[in-house]
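This report refers to the structure that appears directly beneath it.
The values are calculated or read from the model by the stated rules, or taken from the named source; none is laboratory data. Fair warning: this is a prediction, and the values are worked out from it, not measured in the lab. Glycine gets a Cβ as well: all are built from the backbone with ideal geometry, and neighbour counts include every protein chain shown.
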Amino acid sequence: MKKRFSKLAGSIVIASLLASVIGCSNSGTSNTSPGSTGSNSGGNNAEAVSNEPMTITGFFSDPNTNWNNMQDDTGKFITEKTGITLKPEFAVGDPEQKINLIAASGEYPDVISPKGASGALIDAGALLDLTDLIEEHAPNIKAMLGDQIDRLRHSNDDPSIYFVPSLEAIDQFYFDAGGPFNLQHAVVKELGYPQMRTLQDYENAIKAYKEKYPTIDGQPTIGLSLLADDWRIMISTTNPAFWATGAPDDGEFYIDPETHEAILHYKRPEEREYFRWLNHMNDIGLLDKESFVQKYDQYKAKIASGRVLATIDQQWEIDEPEAALKAAGKHERAYGHYPITLDETYKAANFQQTGFNGGWGLAITTAAKDPVRIIKFLDYLASEEGQILVNWGIEGKHYEYVDGKRVFLPEIENIRVNDNNRFKKEFGIGNYLLSLRYGDGVKDSTGNYFTTNNPEQVLENYSDIEKEVLAGYDATYWKDLFPKEDEFEVKAWGAAWNIPVPNDSIITVTQQKSNDIVRKRIPEAILAKPADFDKVYDTMLAELDKAGAKKMEEEYTKLVKARIELWSGQVTE
């Protein structure tokens, strides 16, 4: 019997599986673009895809406020092409709790995207092994994976493929930065584009501007606002300690690049100093007093008001309020992204490469009425035609070719830049990234990028003041300000946060205990009187060890080393 495993959601570092706009690339097919008059086979040597009406039910751990029941332009095209209508349920509240209920009930939707909460489903035998389905019915997915298929396997003990990855893209190359240390364009322009390299630089700019402008549009100016609403505390409050101290985001653990030993990252002395800085920011009145009590909607509304000078967050968490600022013509209140670290001895590792992670994605359950039809549907989305469709929409309606270059129609581009919610809800572009895909930077058979995240589009999306600010720093893209990929070694273990964890491991229970401790003590330490900071931080470390952190770290180290072995291709059947 196969040993069953689950995934540990140590950190949620992504945008919605259904809502993020991430690129795709050449699957080696010769399909034509959506809306054109050529072959629509869905891929070289692909089986014919039935377009008989069929509804697929699904559950997704990430919400998608822009979902429009496939009544958007792209959704209608997909249904017309494949006959498939997706009827999803999105998580409300704690997605892991809902996943566990689904697993226990024995009543499964056709497809499910559990992110890090797959363990109960696998234990219940709810998920199909997709190995044969991919081999026999998914030529586009198979071609895209190539020799990286081992990265989809669950573990050495259980080499099943349970997910078609939809979070991680193949051959991903980032053209732009999207956080986490964000500062309004108005601030740096007003101050003459000061150096923005260390926490002290960041603090100085926030302080100087707030003192000069104590109110914005009649409301009190807020220096720095954080978000700690449920799991989002990791994105805005705790994970940035990685970036500020020259380490990549590996969930709740820091992995020693030489020994591959894992420790809870809060134990690193340099991270203590990062949180001490946040304590200092609170002490001098630059930290939003509501940071640890505000809900996500309140946080977004506050940012959309234009009075929050700085956020420490990922771009996908502030997309909506920033779009509202732009729609209101307040482009100067949108944010630039800077490579801030504790001091200049550290290098921001935001672009350290992980290779293809496989990892989280879409699973087909044992309750699926027609698994073959579903995998063919996902294979269509992975085809050249499908990938152009989900990223660009329909030719003639959303985009056109100008001198051989694929560009959005002017009216569509205007909506894309200034009203991204409408762009997704009405046109559906970016709402159907459900299948395997290539990342930014790879071109299709026409020589165009699959993804809209390419150098030309990034520049077109920049506002005039954004370009002005970048020029002030002798840069063209935000990424230009950051250390480059080749300044770091590729991580042999990929992203540690998506390493499968045995469901019966002590890690599962201990991790929850440690999360509870961290989510209580980190805010407490930040809000404490400076003289009490170390006392609170030491209490947290002692509580973590008492909860079993050392044993958990030992077990996690074993999993990291097993991941490296698995990815070497040494799979045990």
Scanning region 269-290 residue by residue, those in a loop (DSSP other than H, G, I, E, B), under 21 Å from Arg519 (Cβ atoms) and touching a residue at least 24 places away in the same chain (Cβ under 8 Å) turn out to be Asp288, Glu290
Scanning region 320-350 for residues that are acidic (Asp, Glu) and more than 14 Å from Leu183 (Cα to Cα), the one nearest to the chain's Cα centre (by Cα) turns out to be Glu320
Check: Any residue at all in region 177-189 that is surrounded by fewer than 22 Cβ atoms within 10 Å (Cβ to Cβ), at pLDDT below 95 and touching a strand residue (DSSP E or B) at 6+ places or on another chain (Cβ under 7 Å)?
Finding: yes
Given the condition part of a helix (DSSP H, G or I), hydroxyl-bearing (Ser, Thr, Tyr) and under 30 Å from Ile149 (Cβ atoms), answer yes or no: does some residue in region 534-551 qualify?
no
Of (1) under 30 Å from Phe59 (Cβ atoms); (2) touching a Phe, Trp or Tyr at 6+ places or on another chain (Cβ under 8 Å); (3) of a type in the set (A, V, I, L, M); (4) not assigned by TED's automatic domain parsing to the domain that holds Ile56, Leu342 satisfies every one except (1)
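Among the candidates Leu381, Leu459, Leu409, which residue alone is on the phi < 0 side of the Ramachandran plot and surrounded by 20 or more Cβ atoms within 10 Å (Cβ to Cβ)?
Details: Leu459 fails: surrounded by 20 or more Cβ atoms within 10 Å (Cβ to Cβ); Leu409 fails: surrounded by 20 or more Cβ atoms within 10 Å (Cβ to Cβ).
Matching residue, one of Leu381, Leu459, Leu409: Leu381.
Got at least one residue in region 457-479 being touching a Gly at 6+ places or on another chain (Cβ under 6 Å), under 22 Å from Asn66 (Cβ atoms) and not in a loop (DSSP other than H, G, I, E, B)?
No: zero hits.
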Wholly inside region 176-267, helices (runs of 4 or more DSSP H) that include 2 or more residues that are among the aromatic types (Phe, Trp, Tyr) are 199-212, 240-244
Here the residues within region 102-156 that are within 26 Å of the chain's Cα centre (by Cα) and small (Gly, Ala, Ser) are Ala103, Ser113, Gly116, Ala117, Ser118, Gly119, Ala120, Ala126, Ala138, Ala143, Gly146, Ser155
Tyr432 vs (1) modelled with pLDDT of 90 or more; (2) buried (at least 18 other Cβ atoms within 10 Å of the Cβ); (3) assigned to a helix (DSSP H, G or I): all pass except (3)
Out of (1) closer than 24 Å to Asn350 by Cα; (2) outside the structural domain of Ala247 (by TED's automatic domain parsing), the one His154 does not meet is (1)
Margin query: Lys115 - would you say it is of a type in the set (Lys, Arg), in contact (Cβ under 8 Å) with a residue 12 or more places away in the chain and at negative phi?
Written below: no
Query raised in the report: Hey, does region 93-116 have a residue that's at pLDDT below 80 and crowded, with 20+ Cβ neighbours inside 10 Å?
Result: yes
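Inspect all residues belonging to region 154-167 and state whether any of them is more than 30 Å from Asp504 (Cα to Cα) and buried (at least 17 other Cβ atoms within 10 Å of the Cβ).
Start the filter on region 154-167 by keeping residues that are more than 30 Å from Asp504 (Cα to Cα), which leaves none.
No - not one qualifying residue is present in region 154-167.
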(1) of a type outside the set (Gly, Ala, Ser); (2) assigned to a helix (DSSP H, G or I); (3) in contact with a strand residue (DSSP E or B) (Cβ under 6 Å, 6 or more places away or on another chain) all hold for Thr311 apart from (2)
Looking across region 483-524 at residues that are of a type in the set (A, V, I, L, M), in contact (Cβ under 8 Å) with a residue 40 or more places away in the chain and in contact with a helix residue (DSSP H, G or I) (Cβ under 9 Å, 6 or more places away or on another chain), the single one that is nearest to Thr354 (Cα to Cα) is Ala492
Apart from one, (1) under 16 Å from Asp370 (Cα atoms); (2) in contact with a Lys or Arg (Cβ under 6 Å, 6 or more places away or on another chain) all hold for Leu133; the odd one out is (2)
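To keep it simple, each residue is scored yes or no on (1) in contact (Cβ under 8 Å) with a residue 12 or more places away in the chain; (2) within 20 Å of the chain's Cα centre (by Cα).
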| site | (1), (2) |
| --- | --- |
| Gly430 | yes, yes |
| Ser435 | yes, yes |
| Glu460 | yes, no |
| Asp480 | no, no |
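Mind telling me which of the residues Asp229, Asp313, Asp250 ends up being among the charged types (D, E, K, R), under 19 Å from Ala177 (Cα atoms) and either touching a Phe, Trp or Tyr at 6+ places or on another chain (Cβ under 8 Å) or without any contact (Cβ under 8 Å) to a residue 40 or more places away in the chain (or both)? Reasoning before the result, please.
On the way: Asp229 fails: under 19 Å from Ala177 (Cα atoms); Asp313 fails: either touching a Phe, Trp or Tyr at 6+ places or on another chain (Cβ under 8 Å) or without any contact (Cβ under 8 Å) to a residue 40 or more places away in the chain (or both).
Of Asp229, Asp313, Asp250, the one residue that is among the charged types (D, E, K, R), under 19 Å from Ala177 (Cα atoms) and either touching a Phe, Trp or Tyr at 6+ places or on another chain (Cβ under 8 Å) or without any contact (Cβ under 8 Å) to a residue 40 or more places away in the chain (or both) is Asp250.
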Scanning region 330-360 residue by residue, those at pLDDT 95 or above and either at positive phi or of a type in the set (Val, Ile, Thr) (or both) turn out to be Ile340, Thr341, Thr345
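So for region 396-410 (the condition being more than 27 Å from Thr476 (Cβ to Cβ) and modelled with pLDDT of 95 or more), does at least one residue qualify?
In the first step, residues of region 396-410 are kept if they are more than 27 Å from Thr476 (Cβ to Cβ); the result is 396-397.
Next, from what is left, pick out any that are modelled with pLDDT of 95 or more: 396-397.
Scanning region 396-410, I find at least one residue that is more than 27 Å from Thr476 (Cβ to Cβ) and modelled with pLDDT of 95 or more, so the answer is yes.
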Exactly one of Phe60, Phe90 is aromatic (Phe, Trp, Tyr), more than 16 Å from the chain's Cα centre (by Cα) and at pLDDT 85 or above, and that one is Phe90
